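Asks: Input: one structure, supplied below.
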Amino acid sequence: MTTVLECINAGTTYLEKRGVEDARRNMQFLVAHHLGCSRMDLYLRFDEPLDESTLAPLRVDLKKRGERIPLQHLLGKVSFYQHEFHVDARALIPRPETEELVEMLVSEVKPTPRQILDLGCGSGVIGLSLAAAWPDAQVTLADVSTAALTLARENAQGLDITNVEFLETSLFSGIAGRFDLIVANLPYVPEVDRPTLTPEVGHDPDLALFSGADGLDLIRQFCPQVSQHLHLGGTVAMEVGHDQGEAVCALLRAAGLSELQLRKDISGIARFPLAKMPASSNSVGTAASL
Ligand code: GLN
C-alpha cells in the first residue's frame, strides 16, 4: 500500500524529471487537493495509506502537471490576498507580485477611494480584493474578454462581493465618468519574449499576456487617457514588466499625471508605477491620495 509520504516522494521525482519547478511543493498541493485537506495537514498524514480511489484521479492530475499544465488550473483555484479565487484558462493566472500591488493600495490610498476602476480585470482578483477591502467603494471591473468577465462575475458571486459592476470594453472606449482610483495590470509581455516563456505560461490566454513587440502597445494607449477618467487628486496604479517601469512613468508624466512613484516588488523589481491626477494647478489633493 502506498503511503502519503511515498506518494509525495514518487510524484516529486516524476515532476522533477519533467522540469517542473518546485516539484515537491506542486506534488504536495496535488495530494492535498485529492485528499481534501490543506498542504500543512499532509505532515500529520504521512503514514496514511492511499487507496486506489484517491490514487487513480491523482495519477491523472500528476500526468497533466508533468505535461506542464499549470498547477492552478488543476486545482481550479488560487489564493490571492485575502480570498480564494476560481481560475482557469479563461484568464491569466494571478501572479504573487500582483498581490503586493493590492496590499500596497489597501494600506496606502487615503482617504478610501469611493469609485474604483480595475481595467483589464481578468479573473477579477485586483478589483474584487479592493471591493472586499473597501465595502463602501463601488468597483468597476472592465475587460475586453467576455470569457474573463464571466470568470470575474463567477468569482464575485462565489465570494458574495456585491459592490461591483462589470463592463466589456477595450481600454477606456466603453468607460464614462471618473474614478478616485484606477488600477491596471494590462498585458505587458513583449512579443519577442514568447519563446522564453515557461510551458505553463503558454496556458494563459495570449490576449492577457502580449502587447506588441516591446509589450507596451496597450500601455501606450492607456496612459494618455487616464487623466480623462480620474477625479482631481485621484490615483492610478499599474503593474508592468521588469524593465518597463521608467518608460511607463515617463508616459504617465507626459499625460499630465504628477507625484510619480515607481515602487519595487519583493524581488526588488521596479514593478508598480503609481501617479496622481493633480488636485488643481495650485492646491493639494482632496480625493484619494497616496
Ligand atoms: N507577469 C506576467 C508574466 O510574467 C504577465 C502579466 C501581464 O502581462 N500583465 O507572465
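Only the coordinates and a few stated rules stand behind these numbers; no lab work does. Note that the coordinates shown come from a computational prediction; the quantities given were computed from them, not determined experimentally. Backbone-built Cβ (ideal geometry, glycine too); neighbour counts: all protein chains shown.
Asks: Please work out if residue 107 is in a helix (DSSP H, G or I), surrounded by fewer than 17 Cβ atoms within 10 Å (Cβ to Cβ), of a type in the set (S, T, N, Q) and free of Cβ contacts under 8 Å to residues at least 60 places away in the same chain.
Replies: On the way: in a helix (DSSP H, G or I): yes; surrounded by fewer than 17 Cβ atoms within 10 Å (Cβ to Cβ): yes; of a type in the set (S, T, N, Q): yes; free of Cβ contacts under 8 Å to residues at least 60 places away in the same chain: yes.
In short, yes.
Yes/no matrix, rows are residues, columns are (1) assigned to a loop (DSSP other than H, G, I, E, B); (2) away from the ligand (no atom under 16 Å from the Cβ):
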site: 231; (1), (2): no, yes
site: 242; (1), (2): yes, no
site: 256; (1), (2): yes, yes
site: 271; (1), (2): no, no
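Asks: Restricting the first residue to the range 238-254 and requiring it to be under 9 Å from residue 272 (Cα atoms), which pairs with a second residue that is more than 16 Å from the ligand (Cβ to nearest atom) meet a Cβ separation below 7 Å and a spacing of at least six or different chains?
Replies: Listed pairs, sorted by first residue: 245/262.
Asks: Right, another one. Tell me, which helices (runs of 4 or more DSSP H) wholly within the range 117-223 include 3 or more residues that are in contact (Cβ under 8 Å) with a residue 24 or more places away in the chain, away from the ligand (no atom under 11 Å from the Cβ) and not basic (Lys, Arg)?
Replies: 125-133, 146-159
Listed here are the residues, each with its yes/no results for (1) of a type in the set (Gly, Ala, Ser); (2) touching a Pro at 6+ places or on another chain (Cβ under 8 Å); (3) within 30 Å of residue 69 (Cα to Cα).
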site	(1), (2), (3)
191	no, no, yes
217	no, no, yes
222	no, no, no
228	no, no, no
240	no, yes, yes
248	no, yes, no
270	yes, no, yes
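Asks: Yes or no: residue 143 at negative phi and surrounded by fewer than 22 Cβ atoms within 10 Å (Cβ to Cβ)?
Replies: So residue 143 does not fit the description; no.
Asks: Sort out for me the helices (runs of 4 or more DSSP H) sitting completely within the range 1-81 that have 2 or more residues that are of a type in the set (A, V, I, L, M) and within 24 Å of the chain's Cα centre (by Cα).
Replies: Values: elements: 4-17, 23-35, 52-66, 71-75.
Because the criterion is at least 2 residues that are of a type in the set (A, V, I, L, M) and within 24 Å of the chain's Cα centre (by Cα), the helices (runs of 4 or more DSSP H) in the range 1-81 that meet it are 23-35, 71-75.
Asks: Continuing with this model, one more query. Can you name the number of the only condition in (1) over 30 Å from residue 134 (Cβ atoms); (2) of a type outside the set (Phe, Trp, Tyr); (3) in contact with a Leu (Cβ under 8 Å, 6 or more places away or on another chain) that residue 88 fails?
Replies: Unmet condition: (1).
Asks: While we're looking at this one, here's another question. Which one is farthest from the ligand (Cβ to nearest atom), of the residues in the range 86-116 that are of a type in the set (Lys, Arg) and within 14 Å of the chain's Cα centre (by Cα)? Steps first, please.
Replies: Keep residues of the range 86-116 that are of a type in the set (Lys, Arg), which gives 90, 95, 110, 114.
Pick out the ones that are also within 14 Å of the chain's Cα centre (by Cα) and you get 90, 95.
Values: 90: 15, 95: 5 Å.
Across the range 86-116, the extreme among qualifying residues is 90.
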